[in-house]
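Novice: Take a look at the following structure, please.
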Amino acid sequence: MLHTELASALYGHADAPLLVGFVGGLGGRDISPQEFFEMARVVEDAVHRGETPPPRLLYTQGELREMRKLQAVARVERNRLGEGA
């Protein structure tokens, strides 16, 4: 949310700083030290390249596996509902 507000406030300013967005801590989950180190690495890389990377979601490996399972279930349900229409 903060990224969007900052981007909107800085839009059109020639000297606007590079903005890098991350989505984490969803559902009250803590952001791990490893995730902070990864964010710092991504920001440093973006500064060196001079390019803003797309926003990133911060998931643990377990959360990513669970998300992929849910996406697969949703895909099956969407296909099933499409066949009955």
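Novice: Report whether or not Gln61 is exposed (fewer than 10 other Cβ atoms within 10 Å of the Cβ) and of a type outside the set (Gly, Ala, Ser).
Specialist: yes
Novice: Only one residue in Ala7, Ala74 is over 15 Å from the mean Cα position of the chain (by Cα) and surrounded by 12 or more Cβ atoms within 10 Å (Cβ to Cβ), so which one is that?
Specialist: Working: Ala74 fails: surrounded by 12 or more Cβ atoms within 10 Å (Cβ to Cβ).
Matching residue, one of Ala7, Ala74: Ala7.
Novice: Out of the residues in segment 50-72 that are charged (D, E, K, R) and farther than 22 Å from Thr4 by Cβ, state the one that is modelled with the highest pLDDT. Spell out how you get there, then give the answer.
Specialist: As a first pass, look at segment 50-72 and keep what is charged (D, E, K, R): 51, 56, 63, 65-66, 68-69.
Adding the requirement that they be farther than 22 Å from Thr4 by Cβ leaves 63, 65-66, 68-69.
On the way: Glu63: 78, Arg65: 85, Glu66: 86, Arg68: 87, Lys69: 90.
The selected residue is Lys69.
Novice: Here's a follow-up. Here are the criteria: (1) part of a loop (DSSP other than H, G, I, E, B); (2) touching a Leu at 6+ places or on another chain (Cβ under 9 Å). Tell me which single one Gly12 does not satisfy.
Specialist: Among (1) part of a loop (DSSP other than H, G, I, E, B); (2) touching a Leu at 6+ places or on another chain (Cβ under 9 Å), the lone unmet condition for Gly12 is (2).
Novice: Here is a check on your reading of the model: is Glu44 surrounded by 10 or more Cβ atoms within 10 Å (Cβ to Cβ), modelled with pLDDT under 85 and part of a helix (DSSP H, G or I)?
Specialist: Taking the combined requirement at face value, the residue does not satisfy it.
The values are calculated or read from the model by the stated rules, or taken from the named source; none is laboratory data. Since we're looking at a predicted model, the values are computed, not measured. All Cβ positions, glycine included, derive from the backbone under ideal geometry; neighbour counts span all protein chains shown.
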